[in-house]
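Asker: Got a structure for you, written out below as structure tokens; questions coming shortly.
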Amino acid sequence: MFCPVSYAINKSIEPETISGSLSYDFSEKQNISQYFGANGKVENLEELFTFLDKHEVSVGELDHSYLSLILSSNLLGTDDIYVSQNNKHRAAPDNKFTGNGDFIVEEKYRNHNPVHSLFTSHRMELVHTIVKIENLNNHRGYVIYWIGEFKNEQKFNLEYKPKYVNIFEINITERDKENLESILAKMRELMTNSVITFNKQNINAKKCARCSVSQYCYHKTGKYNELHLPYKKYEDVSTNFVVEDIESNTQPDTKKTYGNDYTSVDEIIRSLKS
């Protein structure tokens, strides 16, 4: 579900203000690209599976099949930035492949139990990339979840150990395209008008609790019917509103923050609640 409040907050606060306080050590974090040589091919197809077996990482039958397909393909690039022809959309997929058809792969790292279904935000991340970036229109997508646990109890240095691998294949449907256009329309409405009506019926306490900008959100209380860009907090005074910046020292220049003509993947996934 698209959350316009999360979108407005992310547009109104410097990214470093939102970042978490913990510093995780991903020294053993896996990524697909590390197994490919300079020629874009895997030097040792069994190396990854040897690592997974050694560390007792659980890989399901379908996940194993997807991994084999990806590892037997040709890696064309990692984190390359693509911009749409109309210069309104940009994306930087983690990995781009060819050889078994053309496809892109996004990798996610979580400290939870196995993922049994694809997160909406991650699906829409790939949908946006594939639908709006012309060079990637004929691609399908995969999302790899590396799921682990943090060892050591040191507050600012937690060592990440992978325990599960879950992979999902995405083939774009008409429903995906419709959902994407709905999200983009809501973004454009807020960007154009700087204020929209907020539907309090969409508040979900569990999802709000997991939101990365929940600490800045006053709309989760269900008190407010309007949403402004840049984001404001409100205090009831009789029937009127007193408007105050979130933090005056973190309120960046409007044009630099949300006056861009393009829509990035990050803006979409940060504004979706899975």
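The values are calculated or read from the model by the stated rules, or taken from the named source; none is laboratory data. Just so it is clear, the model here is predicted, and its values are computed rather than measured. Positions of Cβ are backbone-derived with ideal geometry, glycine not excepted, and every protein chain shown enters the neighbour counts.
Asker: Given the condition of a type in the set (Asp, Glu), more than 14 Å from Glu125 (Cβ to Cβ) and more than 17 Å from the chain's Cα centre (by Cα), answer yes or no: does some residue in region 90-105 qualify?
Answerer: There is at least one residue in region 90-105 that is of a type in the set (Asp, Glu), more than 14 Å from Glu125 (Cβ to Cβ) and more than 17 Å from the chain's Cα centre (by Cα).
Asker: Something else now. In region 87-109, which residues are touching a His at 6+ places or on another chain (Cβ under 6 Å) and either not in a strand (DSSP E or B) or not assigned by TED's automatic domain parsing to the domain that holds Asn138 (or both)?
Answerer: Asp102
Asker: Another question, if that's okay. Being assigned by TED's automatic domain parsing to the domain that holds Gly101, outside any helix (DSSP H, G or I) and more than 19 Å from the chain's Cα centre (by Cα): is that true of Lys163 here?
Answerer: So Lys163 fits the description; yes.
Asker: If I filter region 171-197 down to residues being under 19 Å from Ile130 (Cβ atoms) and charged (D, E, K, R), which single residue comes out as farthest from the chain's Cα centre (by Cα)?
Answerer: Among those residues, the one meeting the criterion is Glu174.
Asker: Now a separate question. Out of Phe156, Phe150, which single residue is at pLDDT below 90, in a strand (DSSP E or B) and over 25 Å from His64 (Cβ atoms)?
Answerer: One residue alone meets the criteria, Phe150.
Asker: Which residue out of Leu52, Leu62, Leu48 is at pLDDT 90 or above and within 23 Å of Asn166 (Cα to Cα)?
Answerer: That would be Leu62, the only listed residue that is at pLDDT 90 or above and within 23 Å of Asn166 (Cα to Cα).
Asker: Given the options Phe103, Phe97, name the one that is farther than 24 Å from Ile183 by Cβ, modelled with pLDDT of 90 or more and of a type in the set (A, V, I, L, M, F, W, C).
Answerer: Answer to the check: Phe97.
Asker: With the requirement that a residue be farther than 22 Å from Leu76 by Cα, touching a Phe, Trp or Tyr at 6+ places or on another chain (Cβ under 7 Å) and surrounded by 15 or more Cβ atoms within 10 Å (Cβ to Cβ), what does region 111-145 give you?
Answerer: Passing the criteria: Val115, Leu118.
Asker: For Glu61, work out the one condition from (1) surrounded by 13 or more Cβ atoms within 10 Å (Cβ to Cβ); (2) closer than 18 Å to Val115 by Cβ; (3) out of contact with any strand residue (DSSP E or B) (no Cβ under 9 Å at 6 or more places or on another chain) it doesn't fulfil.
Answerer: For Glu61, the exception is condition (1).
Asker: Restricted to region 88-133, and to residues that are touching a Ser or Thr at 6+ places or on another chain (Cβ under 7 Å) and among the polar types (S, T, N, Q), which residue is nearest to Lys41 (Cα to Cα)?
Answerer: Out of the qualifying residues, it is Thr98.
Asker: Identify, please: which residue in region 36-81 is among the acidic types (Asp, Glu) and not in a helix (DSSP H, G or I) and is, among those, farthest from Tyr145 (Cα to Cα)?
Answerer: For region 36-81, the residue satisfying everything is Glu43.
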